[in-house]
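Accompanying notes for the structure given below.
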């Protein structure tokens, strides 16, 4: 049985470590049973030659390992068409938006010579390329996770479903998802992830200096916001997972509703300390006065409005999330009803 032991061990080397031992033991047992059966039919004890014949018929170890490891790819063929579609749309919109921002940034930067201009353009395009790579990486990671942890039954394509003439009588369901909605959400969420984490300096109050006419950005977010940014990033990633799931299924289901509720609960947990704690907005009367474009009274009024406004936005966000949680929860526990003409 030495050859069988070596064969099983070689097959196991091509398998994931987590399942290696179990599959090796199973394969060894199967081969030993087959060898015994072959020996009994031949009417003689098993020898090395009989082992070789059996293993040759069974196949090369790497080919056998493939049958035990059906997912050697990062993103499988069932999800790849959706992956290509989402990447194409997200990267196109993201590159266009960032290129426009690059043009504005270059146009508003003071340059003393042509070398400075080309340097600014080069740095800008480098930033656009970096952002595109980051967006691609985020989408790849999300699809890879879905590929491995979400059952294939959750992702039935239209071509996989059996067509029934009764489908002609069905009207549009409230759970149906329009493609543009999740695609837009994916683009906006990906842009937020990249900008707030990679280019936070772009999120500011842009104004033209009254002294030299140059454009300057005054940061509008305080450390109180960036302290919570890792948790905000988590809600954005959950949103991406949710929207990709909606694109794949084409309608709301139990799993997507549970993800939505969990994400909105997390958003409320984050928004409460942002609302009740130190302000996340750096726009105050003092900061507006430093720009040199507001008089003291205007700075005081605008600063107060900004601080009141950001807290109102956070309060409305909490209220909106609560409403959506109740709506989603109601649909989760309500039986699906299909309206049929004449019923």
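Yes or no, residue by residue, for (1) over 23 Å from residue 191 (Cβ atoms); (2) touching a strand residue (DSSP E or B) at 6+ places or on another chain (Cβ under 8 Å); (3) in contact (Cβ under 8 Å) with a residue 24 or more places away in the chain:
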site: 219; (1), (2), (3): no, yes, yes
site: 222; (1), (2), (3): no, yes, yes
site: 235; (1), (2), (3): no, no, yes
site: 240; (1), (2), (3): no, no, yes
site: 250; (1), (2), (3): yes, yes, yes
site: 261; (1), (2), (3): yes, no, yes
site: 264; (1), (2), (3): no, no, yes
site: 273; (1), (2), (3): yes, no, yes
site: 277; (1), (2), (3): yes, no, yes
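Among the listed residues 284, 308, 291, identify the single one that is out of contact with any strand residue (DSSP E or B) (no Cβ under 7 Å at 6 or more places or on another chain), surrounded by fewer than 18 Cβ atoms within 10 Å (Cβ to Cβ) and assigned by TED's automatic domain parsing to the domain that holds residue 138.
None of the others qualify; the one that does is 308.
The residues of region 281-294 that are modelled with pLDDT of 80 or more and more than 17 Å from residue 203 (Cβ to Cβ), listed by number, are 285, 286. Within the option set 320, 303, being in contact (Cβ under 8 Å) with a residue 12 or more places away in the chain and either in the same structural domain as residue 176 (by TED's automatic domain parsing) or part of a helix (DSSP H, G or I) (or both) holds for one residue only, 303. Kindly provide the set of residues from region 13-25 that are crowded, with 16+ Cβ neighbours inside 10 Å, touching a residue at least 24 places away in the same chain (Cβ under 8 Å) and either touching a strand residue (DSSP E or B) at 6+ places or on another chain (Cβ under 8 Å) or in a helix (DSSP H, G or I) (or both), ordered by number. 23 - this is the single residue of region 13-25 that is crowded, with 16+ Cβ neighbours inside 10 Å, touching a residue at least 24 places away in the same chain (Cβ under 8 Å) and either touching a strand residue (DSSP E or B) at 6+ places or on another chain (Cβ under 8 Å) or in a helix (DSSP H, G or I) (or both).
The values are calculated or read from the model by the stated rules, or taken from the named source; none is laboratory data. Bear in mind the structure is a predicted one, so any value in this text is a computation, not a measurement. Glycine also receives a Cβ, built like all others from the backbone with ideal geometry; neighbour counts cover every protein chain displayed.
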